[in-house]
Amino acid sequence: MAVQNIAIQPFEGQKPGTSGLRKKTRVFMEPGFLEAFVQSIFQATGGGQGKTYTLGGDGRYFNKQAIQTILKMAAANGAKRVIVGQNGLLSTPASSHLIRLNKTDGGFILSASHNPGGLDEDFGLKFNAANGGPAPEAMTEAMYAASQTIESYAISDADDVDLSVCQPTRLDGMQVDVIDPVADYHDLMRELFDFDAIRGLFASGFTMVFDAMHAVTGPYAKAIIEGDLGAAPGSVRNAVPLEDFGGGHPDPNPIWAKELMTAVMGSDAPDFGAASDGDGDRNMITGRGIYVSPSDSLAVLAANATAAPAYAKGLAGIARSTPTSAAADRVADALGIEAFETPTGWKFFGNLLDAGRVTICGEESAGTGSDHVREKDGLWAVLLWLNILAVRKTSVAEILATHWQRYGRDYYSRHDYEALEVSKANAVMEQIRGQLGDLGGQQICGLTVSHADEFAYEDPIDGSISRNQGLRIYFEGARAVLRLSGTGTQGATLRVYLEIYEPANGDHSQEPQAALAPLRDAVRLLGRFDDLLGRSEPDVIT
Ligand code: G16
């Protein structure tokens, strides 16, 4: 078959955000848009000649067509081999594992994560580097630069590859291995966790519900949680990946995972509940009658990780993104290990993990993971919780209560103001940015500001500096962070992250929104939300 070189003009808006390029699906489907970005990736990473890649996505609308395009472009760019998930499916953590296992030169992941899917919803593409992690900033900058000067892309005119059967095949001179998306990831989980202990837990009558939200983790959770660990059939719900996620919003939080919340808060609640997102890297954890905030989940997992064989020797360090609560820092302090605060974006954990400085990382945005891959990993978090529950033989509520009794509780919540006019969101940020230097010592809504700054991160491994990573206002015993989302596809999303610390001997039984009310009010006043946004109430509270 022949390689075609198609002339093309640069597209606007091919700047990767927090996690790759995310756009409305129709934008990705514009003639040449996907192709231009893929060619820019090849160009920014030294070309495709002789390279090996993984390729797969979360199964959303346009996933299959995009995969055929990328396969034909990889062949035309001289790639040697592409490993692609059957039916185009690969969860993000499974992609990261396959890159590392097969020592590929990187991987293409097709997903807009937790954003809805469909012709009128969202699509995304990100490239992970040879370490299995999201492309670091220098690489995404190079992709963007390439996209601005692109003149043509190369594509084979070969026929589509049959992705429905697991088999090796060829596309022009390139080898294409269509593989079972679950098998290698399943093997990895078996190595990390005490599957016998978890089997014993289920055999003793322990019940759980896992909501796959019609997204990519369905087949993984079915095979591992029901098939291998022996959870009762039906424990994994909404397990068939659908192109539109069943019309849902595959974001594992109490708002969007309502079905699960209803189940765990009901009279006949299971012992444990969990959910994951579109591409399987996020997680939500609940127990009977209790929701575990992602920041608390990170801290509990870190404090109890030695229950699992992979972490029995202890942790090297713990990293969290800046908006994530300080709960994990308290655990690191007690364990006498390093704690790191990084900008939002899993890519910032990569260097720390590669250097062996941290073992466990986490984010308030429902992401937790470890050095087993270079992505956050939803099912991994669920399995570590199960391993801990199997060893400690107690409930989720009891584990949280004893954790707070020892470390204190960081009441935590995130308030999102979505689809804002960009100028209004910027006005709030500017309003607070302009006051940062003067806030120290001020009393607002009964809280005293100790200091405030704009977070700039110096990577401790390579010394690179990332500026403008969030406005941080520190109060005595509390903190607020404001930043603009880098994953939205419509207008701007302002995120306000709130946390108040209640010491070990304090009252841990408050309702989080009530506990955080003075801090919420202080931020709205400082940012003049009523004037500048025309409203004070957020769209989503998690
Ligand atoms: C991505 C990033 C995360 C980040 C989250 C939210 O997650 O990998 O590091 O915390 O987006 O980012 P933002 O606040 O900029 O919207 P995912 O699961 O969407 O790939």
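The values are calculated or read from the model by the stated rules, or taken from the named source; none is laboratory data. Source: prediction; values computed, not measured. All Cβ positions, even for glycine, are placed from backbone atoms using ideal geometry, and neighbour counts span all protein chains on display. Surface accessibility is based on the protein's heavy atoms, side chains included, excluding ligands, DNA and RNA. Shrake-Rupley method; radii C 1.70, N 1.55, O 1.52, S 1.80 Å.
Once the other residues with Cβ under 11 Å from the Cβ of residue 446 are scored (Lys, Arg +1; Asp, Glu -1), what is the net sum?
-2
With a 10 Å radius around each residue's Cβ, average the other Cβ atoms per peptide and rank 98-108, 190-200, 267-277, highest first.
Going from most to least packed, we get 267-277, 98-108, 190-200.
Got a sec? What order do 445, 361 fall in by accessible area at 1.4 Å, biggest, i.e. largest, first?
445, 361
Normalising by the residue count of the stretch 366-471, find the relative contact order in percent from Cα pairs under 8 Å and 6+ residues apart.
Result for the stretch 366-471 is 12 percent.
Specify whether the C-alpha gyration tensor of the stretch 3-180 places it in the rounded, prolate or oblate class, a ≥ b ≥ c being the square roots of the eigenvalues: rounded for a/c under 1.5, otherwise prolate if a/b is larger than b/c and oblate if not.
The shape class here is rounded.
Once the other residues with Cβ under 11 Å from the Cβ of residue 82 are scored (Lys, Arg +1; Asp, Glu -1), what is the net sum?
+3
In terms of Cα to Cα distance under 19 Å, which aspartates and glutamates are near enough to residue 51, apart from those fewer than 8 places away along the same chain?
In chain and number order, the partners are 35, 105, 172, 177.
Can you order the peptides 319-330, 70-81 by their average number of other Cβ atoms within 10 Å per residue, highest first?
Result, highest mean first: 319-330, 70-81.
Which links in 24/376; 103/222; 24/424; 23/64; 64/126; 64/376 stretch past 20 Å when you go from one Cα to the other?
24/376; 103/222; 24/424; 64/376
Compute the length gained on full extension between residue 464 and residue 258: take 0.36 nm times their separation in residues and subtract their Cα-Cα distance, giving the result in nm to one decimal.
Value of the extension gain: 70.1 nm.
Distance in nm between label sites at residue 151 and residue 184, each 7 Å beyond Cα in the beta-carbon direction?
Result: 3.7 nm between the two label points.
For the stretch 524-532, what does the Karplus curve 6.51 cos²θ - 1.76 cosθ + 1.60, with θ = phi - 60°, yield as ³J(HN,Hα) per residue in whole Hz, taken in order and with x for Gly and Pro?
5, 5, 4, x, 6, 4, 4, 6, 7
Within 12 Å, Cβ to Cβ, of residue 407, how many net charges do the neighbouring residues add up to if Lys/Arg are +1 and Asp/Glu are -1?
Net of charged neighbours comes to -2.
With both partners inside the chain, how many of the DSSP beta bridges are antiparallel, as a percent to the nearest 5?
70 percent
Once you have a ≥ b ≥ c as the square roots of the Cα gyration tensor eigenvalues for the chain, tell me rounded if a/c is under 1.5, and otherwise prolate or oblate according to whether a/b is larger than b/c.
Judged from the Cα gyration tensor, the chain comes out oblate (a/c at least 1.5, b/c at or above a/b).
If you count only protein heavy atoms and use a 1.4 Å probe, how large is the accessible surface of residue 18, to the nearest 10 Å²?
For residue 18, solvent-accessible area is about 30 Å².
In units of 2.2 N^0.38 Å, what is the alpha-carbon radius of gyration of the stretch 414-537?
The stretch 414-537 yields a ratio of 1.11.
How high is the FRET efficiency between residue 397 and residue 8 when r is their beta carbon distance and R₀ equals 56 Å, given to the nearest 0.05?
Plugging the Cβ-Cβ distance into 1/(1 + (r/R0)^6) gives 0.50.
Could you do me a favour and compute the accessible area per residue for the chain, 1.4 Å probe, result in Å²?
With the other protein chains kept in place, the chain gives 36 Å² per residue.
Simple spin-label model, 7 Å along Cα-to-Cβ: residue 448 to residue 513 in nm?
Calculated label separation equals 3.1 nm.
For the stretch 253-342, just say rounded, prolate or oblate: build the C-alpha gyration tensor, square-root its eigenvalues into a ≥ b ≥ c, call rounded for a/c under 1.5, and beyond that prolate if a/b exceeds b/c, oblate if not.
Because a/c hits 1.5 or more and a/b exceeds b/c, the stretch 253-342 counts as prolate.
Find the relative contact order for the chain and round it to a whole percent, using C-alpha pairs within less than 8 Å whose residues are 6+ positions apart.
13 percent
Quick check on packing: order 4-13, 278-287 by the mean number of other C-beta atoms within 10 Å, highest mean leading.
Highest to lowest by the protection proxy: 278-287, 4-13.
Determine the share of the chain's accessible area contributed by carbon and sulfur atoms, expressed in whole percent, with a 1.4 angstrom probe.
Carbon and sulfur: 48 percent of the exposed surface of the chain.
Can you give the calculated 222 nm mean residue ellipticity of the chain, where each DSSP H run of n ≥ 4 adds -39,500 (n - 2.57) and the sum is split over every residue, rounded to the nearest 500 deg cm²/dmol?
Helices in the chain give a 222 nm mean residue ellipticity of -9000 deg cm²/dmol.
Can you compute the charge dipole magnitude of the chain about its Cα centre, using +1 on each Lys and Arg Cβ and -1 on each Asp and Glu Cβ, nothing else charged? Give it in debye, rounded to the nearest 20.
400 debye
Relative contact order (percent) for the stretch 281-365, with alpha-carbon contacts under 8 angstrom and 6 or more residues of separation?
Reported relative contact order: 34 percent.
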